[in-house]
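Taking it in order: structure first as structure tokens, then the write-up.
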Amino acid sequence: MSEILVLVEHADGDVKKVTLELLTLARSLGEPSAVWAGPGYTDAAKARLAEYGAAKIYVASSEEIVDHVVAPKAELLAKLVSDSSPAAVLVAATAEGKEIAGRLAIKTDSGVITDAVGVSEGFVADQSIFGGGVNVRSRVTKGTPIVAVRPNSTAPVAEPGAGAEEKVEIALSDSARAAKVVERVKQERGARPELTEAAIVVSGGRGVGSGENFAIIEKLADSLGAAVGASRAATDAGWYPHQFQVGQTGKTVSPQLYIATGISGAIQHRAGMQTSKTIVVINKDPEAPIFEIADFGVVGDLFQVVPQLTEEIEKRK
Amino acid sequence: MNIVVCVKQVPDTATERKLRSDDKTLDRDAADGVVNELDEYAVEEALRLKEAHGGEVTVLTMGPAKATETIRKALAMGADKAVHLSDDALHGSDALSTSYALAETLKKIGFDLVILGSESTDARTGVLAAMLAERLGAPQLTLANKVEVDGSAITIQRVTDYGYDRVEASLPAVVSVVEKINEPRYPSFKGIMAAKKKPVESLAIGDAEISAEQVGLASAWSEVVEFAAAPPRAAGTVVKDEGDGGVKAAEFLASKKFV
Ligand SMILES: Cc1cc2nc3c(=O)[nH]c(=O)nc-3n(C[C@H](O)[C@H](O)[C@H](O)COP(=O)(O)OP(=O)(O)OC[C@H]3O[C@@H](n4cnc5c(N)ncnc54)[C@H](O)[C@@H]3O)c2cc1C
Ligand SMILES: Cc1cc2nc3c(=O)[nH]c(=O)nc-3n(C[C@H](O)[C@H](O)[C@H](O)COP(=O)(O)OP(=O)(O)OC[C@H]3O[C@@H](n4cnc5c(N)ncnc54)[C@H](O)[C@@H]3O)c2cc1C
């Protein structure tokens, strides 16, 4: 079967959920090989990748790979593409994943498709564009197809693979070392899942009214094990940090469940969440456009409805 | 410092955006063209760096004749001059060809610093800055929410999932900016008047030694196979809160096995 490279996303040695999704997707297209870039590789990570079907695991664990911005990972993948001529390369469509895909495309003289929400036979990718208004099927016509796939596009399903490990040594070029990371600053986000990866996202908008009031959004999120998001009105006001903004100029999320509270549903907000599988809305204005895309909506004051919902969820646990 | 800002004209997100049925490319006539919003932040950052360190700000746009409106807006904000790469041969270019055409133009016009938005609102690929860094062999300083220049040294804060990375490099470099980096200025009346007299150099592909074989729809590395309007979402249930809205919402979540 043809080899499909899957670039592993990992944090603190843990394989991220999106990688398990990509391995699952890759199994439907060929035989997945996981590519581990940077330090942190452990037996647990190996077991996890094999559990989800990695036939091979390429491990390039040099510290240098993460000490410079993006370019080293693209060089690593380009080397693997030239050594083993895979049928395709899949990366997660995160901001960095897309940048890696872009540089790789140039190095390997290949086309790239970004923000795929599905990939089928012949590496034809599904894209949802213009804020979810148009569905496109597109494909790479030159080189090795490189596809950046959105988190939450495929449900991860375990199916063991051989997990044969292969160490990769890579000598980085000078230009790959041009942008050096001199400090990593971790900002507290509690124990919540990452916004783009989360299965459930609870977002607050202008209706939340203040930064302090976001505590009730966080409580609801925590009762569901969800990530917290915010509209631009809320991040502009400084009520919630910008990295949690959902929408056209923020993050694109595609969770199983998206709960929008005190958000009107401007097209720019919808552009970042319209592909969510189930949408629940809490808003006091029955005319708010967000109700048009709601699977379930409550017309009411979020300060009444949200705490009651949280309490009810806690009761049912 | 010679700063070049890449600015893209995009269809206004507030209007209905379409693909053309004939060649499946963006229908640029169907909607009003506006400056890609993040590119206003890129222009603002360039102006601030110029104000602090001296130099010149050049706007670079690749796009049809209509894109001059976008160029004028950037000039009205305070950029000094513009280069408009415009040629029918560029129509339908994908990200690889666009980055190639912009890189060739940048080599021709020269730069110490190139600043882009981190993403456009129409195609949203978010790859151009990384591709330009690759093609130009320049350091990639992307997703910046802070930029500092000191002589030939440049430092940014790169936004990450966990917070940010501080990244160092030397000029020349390629930077992309995120939304909260600054507050773009509104063009003043004086700025708008002055923009009308600022030089805009129009280049066809031959002028920048761009090969026709590497740009345009026919040479693209990817293609749209088909497209269709997304089916509308099935209408959901909306209830009015009668004191039990939270309970009702919980019941819905339970019916979908979320709780
Ligand atoms: C180029 C561009 C890019 C943009 N990018 C983004 C983006 O990435 N993300 C984004 O979100 N926006 C973005 N915007 C902004 C967008 O157009 C809207 O302005 C923004 O989404 C509005 O946020 P909101 O829904 O929270 O606020 P509003 O539109 O003010 O809506 C607030 C809602 O809260 C409801 N409400 C108020 N009080 C209560 C209460 N007590 N209980 C229940 N409901 C209540 C109101 O009925 C109202 O519907 C962008 C705009 C532009 C032009
Ligand atoms: C809906 C849609 C989906 C697409 N998907 C793909 C795809 O998957 N793969 C692919 O290869 N192509 C794709 N394209 C083609 C893509 O639009 C063009 O390649 C485009 O020129 C660059 O992509 P972008 O706008 O997404 O760049 P981004 O990387 O999102 O833009 C970042 C920045 O680059 C600068 N920039 C971008 N374009 C220009 C320009 N013309 N002039 C000056 N500066 C510019 C701006 O500073 C901008 O803020 C798609 C097009 C559309 C309309």
In the stretch B:69-149, taking the dipole from +1 charges on Lys and Arg beta carbons and -1 charges on Asp and Glu beta carbons about the Cα centre, the listed residue (B:LEU90, B:MET131, B:ILE71) farthest towards the positive end is B:ILE71
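Can you compute the charge dipole magnitude of the stretch A:1-138 about its Cα centre, using +1 on each Lys and Arg Cβ and -1 on each Asp and Glu Cβ, nothing else charged? Give it in debye, rounded to the nearest 20.
240 debye
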Relative contact order of chain A (C-alpha contacts under 8 Å, at least 6 apart) in percent is 15 percent
Calc'd 3J(HN,Hα), the stretch A:232-246, phi into Karplus 6.51 cos²θ - 1.76 cosθ + 1.60 (θ = phi - 60°), Hz, glycine/Pro = x, comes to 5, 4, 6, 6, 4, 6, x, 6, 8, x, 4, 5, 9, 5, 9
D (µm²/s, integer) via Stokes-Einstein for chain A, Kirkwood Rh across alpha-carbon pairs, 10 °C, 1.306 mPa s: value 77 µm²/s
In debye to the nearest 20, the charge dipole size for the stretch A:157-281, taken about the Cα centre with +1 at each Lys and Arg Cβ and -1 at each Asp and Glu Cβ, equals 440 debye
Among chymotrypsin sites (Phe, Trp or Tyr not before Pro) in the stretch B:153-216, those in a DSSP loop whose Cβ has at most 16 other Cβ atoms within 10 Å are B:TYR162
Taking Cα pairs closer than 8 Å and at least 6 residues apart, the relative contact order of the stretch A:200-316 in percent is 25 percent
Extend 7 Å from the Cα of B:GLU226 along its Cα-to-C-beta direction; within the stretch B:21-51, residues with backbone N under 20 Å of that point are B:21-26
GNM on chain A, Cα springs under 10 Å; top mean-square fluctuation among A:SER62, A:SER82, A:SER33 goes to A:SER82
A correct Karplus calculation of ³J(HN,Hα) over the stretch A:276-284, with 6.51 cos²θ - 1.76 cosθ + 1.60, θ = phi - 60°, whole Hz and x for Gly and Pro, returns 4, 5, 10, 10, 10, 10, 10, 7, 7
About its Cα centre, the protein assembly as shown carries a charge dipole, from +1 on Lys and Arg Cβ atoms and -1 on Asp and Glu Cβ atoms, whose size in debye to the nearest 20 is 520 debye
In Å³ per residue, the alpha-carbon convex hull of the protein assembly as shown encloses 146 Å³
Rounded to 0.05, the calculated FRET efficiency for the beta carbons of B:ALA212 and B:ASP80 at R₀ = 35 Å is 0.70
Scalar couplings 3J(HN,Hα) for the stretch B:142-152 by Karplus 6.51 cos²θ - 1.76 cosθ + 1.60 (θ = phi - 60°), nearest whole Hz, x for Gly and Pro, are 9, 6, 7, 10, 7, 10, 10, 10, 9, x, 9
B:ALA30 and B:LYS196 label points (each 7 Å along its Cα→Cβ direction) are spaced in nm at 3.5 nm
Per-residue ellipticity at 222 nm attributable to helices in chain A (runs of n ≥ 4 DSSP H, -39500 (n - 2.57) apiece, nearest 500 deg cm²/dmol) works out to -8000 deg cm²/dmol
Distance in nm between A:SER84 and B:LYS257 label points, each 7 Å along Cα→Cβ, equals 3.4 nm
Judged on accessible area alone, 1.4 Å probe, highest first, A:ASP43, B:ASP39 line up as A:ASP43, B:ASP39
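What does the helix-only formula give at 222 nm for chain B: each DSSP H stretch with n ≥ 4 adding -39500 (n - 2.57), the total divided by the residues, and the result rounded to the nearest 500 deg cm²/dmol?
-8000 deg cm²/dmol
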Hits in the stretch B:62-91: amide N under 18 Å from the 7 Å Cα→Cβ extension of B:GLU51, namely B:74-81
Shape descriptor, the stretch A:1-52: equivalent ellipsoid semi-axes (Cα gyration tensor, sqrt 5λ, whole Å, largest first) stand at 19, 10, 9
Here, the stretch A:29-160 modelled as identical Cα point scatterers in vacuum has Debye log10 I(q)/I(0) at q = 0.14, 0.15, 0.16 Å⁻¹ of -0.66, -0.76, -0.86
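Looking at the stretch A:3-177, send over the antiparallel percent of its DSSP beta bridges, to the nearest 5.
Of those bridges, close to 30 percent are antiparallel.
Would you kindly calculate the mean projected area, averaged across all directions, of the convex hull enclosing the Cα atoms of the stretch B:69-224, in square nanometres?
10.5 nm²
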Per-residue average of other protein chain Cβ atoms inside 10 Å, peptide A:110-120 -> 3
Contour minus Cα-Cα span, A:VAL134 to A:PHE303, at 0.36 nm per residue, comes to 57.3 nm
Per-residue average of other protein chain Cβ atoms inside 10 Å, peptide B:211-222 -> 3
The stretch A:132-240 -> Rg/Rh from Cα coords, Kirkwood Rh, value 1.08
If one compares the long axis through the Cα atoms of helix A:302-316 with the longest principal axis of the Cα atoms of chain A, the angle in degrees, nearest 10, works out at 60 degrees
With Cα springs under 10 Å, the Gaussian network model of chain A assigns the largest mean-square fluctuation among A:VAL201, A:VAL124, A:VAL136 to A:VAL136
Per GNM of chain B with C-alpha springs under 10 angstrom, the most fluctuating residue out of B:VAL239, B:VAL159, B:VAL127 is B:VAL239
In degrees, nearest 10, the alpha-carbon axis of helix A:214-224 is tilted away from the dominant principal axis of the alpha carbons of chain A by 60 degrees
Counting only protein heavy atoms and leaving out ligands, DNA and RNA, the solvent-accessible surface of A:ILE100 at a 1.4 Å probe, in Å² to the nearest 10, equals 0 Å²
So, with points 7 Å from each Cα along the Cβ direction, the A:VAL157-A:ASP43 label distance in nm works out to 3.1 nm
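The values are calculated or read from the model by the stated rules, or taken from the named source; none is laboratory data. All of these numbers come straight from a predicted model, not from anything done at the bench. In this analysis, Cβ positions are derived from the backbone assuming ideal geometry, glycine residues included, and neighbour counts consider all displayed protein chains. When the accessible area is computed, the model is the full protein with side chains, heavy atoms only, and any ligands, DNA or RNA have been set aside. Shrake-Rupley method; radii C 1.70, N 1.55, O 1.52, S 1.80 Å.
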